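> Please find one structure pasted underneath; my questions will follow.
Every number in this text was worked out from the coordinates using simple rules, so none of it is lab data. Here the structure is a predicted model, which is why all the values come from computation and not from measurement. Because the Cβ atoms are built from the backbone with ideal geometry, glycine has one as well, and the counts that use them run over all protein chains shown.
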Amino acid sequence: MTGRTRNRTRAGLSAAGPLRTALALAAAGLAAACGGPAAASGHSAQAAPPVRGLTARPAPAGWHHAALPGGQAVLAYPPAMHLVAGDRGTVTAARISRSGSYLLYLNATPGQGAESLRNWPHFRVNHLLDEDASAARLLAASRGLRFTSARGSCALDTYVTKIKAHHYTELACLVQGHSSASVIVAAAPAADWPRAAAVLTRAVGAYQAR
């Protein structure tokens, strides 16, 4: 991931990173993986089912916390993850395999650009398609979700990268605090998402925007 690309796509995982164990899809399988009506960039978020299992609550005992440099928000992450270098002004935590592959990924980024709580699901998928993804599909979307002292809109999506056709799933939320907005992205290889979803969703629910 380049810094500029990661800021524009809100730290989505891309093929430029070391996520080498993600599921690779053949070109002929792209339509099957990310096809369907929700793949279209203009598709209405109301047609997608709601995001489920996301509850605002404090992080479990023993979890670590890291604040955005500007103080807009605090990211909580489990002991199995650790902070890694990221773009200036952001916070990233990850669990990385011995081979250097991301197994779990969390990132917080200050809000910027034209995103809003209303347009967030479309905005997220469109930017994936503009930057890193050859195909993307919105799996679920919700607006007006409660976070700690904040409200947010979330998109659960799956996408295939333009380079090497890596397949990822992510839960990305735009969270509006009292004074500013920020974005939290929780991602894993799509093949691992069923196992990773619980801890990543817990981290998103513990996100604190100020």
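> With each pseudo-label sitting 7 Å past Cα toward Cβ, what's the SER149-ARG98 distance in nm, one decimal?
Calculated label separation equals 4.4 nm.
> Quick one: which residues, 5+ away or cross-chain, put their amide H under 5 Å from the amide H of ALA133? H built at 1.01 Å from N.
Placed amide hydrogens put LYS162 under 5 Å from ALA133.
> Once the Cβ-Cβ distance between LEU117 and LYS164 is put in as r, and R0 is 35 Å, what FRET efficiency do you end up with, to the nearest 0.05?
Between LEU117 and LYS164 the formula returns 0.55.
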